[in-house]
Amino acid sequence: RNIPLSELHPFKDHPYKVEDNMEMDALCESIGKSGLLSPIIVRPRDEGGYEIISGHRRFRAYQRLGMNEIPSTVCEMTDEEAIVAMVDANLHRDHILPSEKAFAYKMEMEALSRQGKRPDLTSRPVVGKLETADEIGKTNEESGRQVQRYIRLTNLIPALLDIVDEGK
């Protein structure tokens, strides 16, 4: 359904950057020519309105284009389900910074741990559940160890994290 932009709110602690750059210009141009090919995914908020699960960049493009409503799919989700859906939807983008991936993996790891669906998981002292990292890695074509390495980046001070994002 079409939802007014004024009723939409960003996902709490959304780890991905939405920037007004050349990629955003291209997205705006594409939407202007062809319309929105895939609706954003939202969930109702207790306070009213909707929280964006997937589609923050599309939402921003609609704002820049001066549109009032955006096609949306409304889903009922728990906080944990919403985090997993948000991470899964964004990790497949072409350009994703190491810091974005790090915070996304961390959010997904914490969400899966809170769900408590896997009592057989064992802990590693630094990051968390080995098998959970392996499961996250399988979904994203990475090893569990690589997922944990990314999560370790979340412990860096912002200045060092910026250096990592710059590829230095």
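The values are calculated or read from the model by the stated rules, or taken from the named source; none is laboratory data. These numbers were taken from a predicted model, which means no experiment stands behind them. Every residue, glycine among them, receives a Cβ derived from its backbone with ideal geometry; neighbour counts consider all protein chains shown. What goes into the accessible areas is simple: the full protein's heavy atoms, side chains included, and nothing from ligands, DNA or RNA. Shrake-Rupley method; radii C 1.70, N 1.55, O 1.52, S 1.80 Å.
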**Request:** Mind listing just one residue for me: the one in region 110-148 that is polar (S, T, N, Q) and modelled with pLDDT under 60 and, of those, least open to solvent (accessible area, probe 1.4 Å)?
**Result:** Thr122
**Fill in**
Residue hits (region 140-161; under 13 Å from Lys101 (Cα atoms) and either part of a helix (DSSP H, G or I) or touching a Gly at 6+ places or on another chain (Cβ under 9 Å) (or both)) are Gln146, Val147, Gln148, Arg149, Tyr150, Ile151, Arg152, Leu153, Leu161
**Asked** Among the residues of region 78-109, which ones are exposed (fewer than 15 other Cβ atoms within 10 Å of the Cβ) and assigned to a helix (DSSP H, G or I)?
**Response** Asp79
**Complete:** Residues in region 28-77 that are surrounded by fewer than 17 Cβ atoms within 10 Å (Cβ to Cβ), among the polar types (S, T, N, Q) and touching a residue at least 24 places away in the same chain (Cβ under 8 Å) total 3
**Request:** Being closer than 13 Å to Lys106 by Cα and at pLDDT below 90 is the filter here, so list the residues in region 154-168 that pass it.
**Result:** Thr154
**Prompt:** Mind checking which pairs have a first residue in region 13-27 that is under 10 Å from His56 (Cα atoms) and a second that is open to solvent by 80 Å² or more (accessible area, probe 1.4 Å) and part of a helix (DSSP H, G or I), Cβ under 6 Å, 6 or more apart or different chains?
**Reply:** none
**Qualifying positions in region 1-13 - assigned to a loop (DSSP other than H, G, I, E, B), under 25 Å from Met107 (Cα atoms) and open to solvent by 40 Å² or more (accessible area, probe 1.4 Å)** = Pro10, Lys12, Asp13
**Request:** Would you check which residues across region 35-49 are in a strand (DSSP E or B) and under 16 Å from the mean Cα position of the chain (by Cα) and list them?
**Result:** Ile40, Ile41, Val42, Arg43
**Residues located in region 14-27, provided they are open to solvent by 50 Å² or more (accessible area, probe 1.4 Å), of a type outside the set (Asp, Glu) and in contact with a His (Cβ under 9 Å, 6 or more places away or on another chain)** = Val18
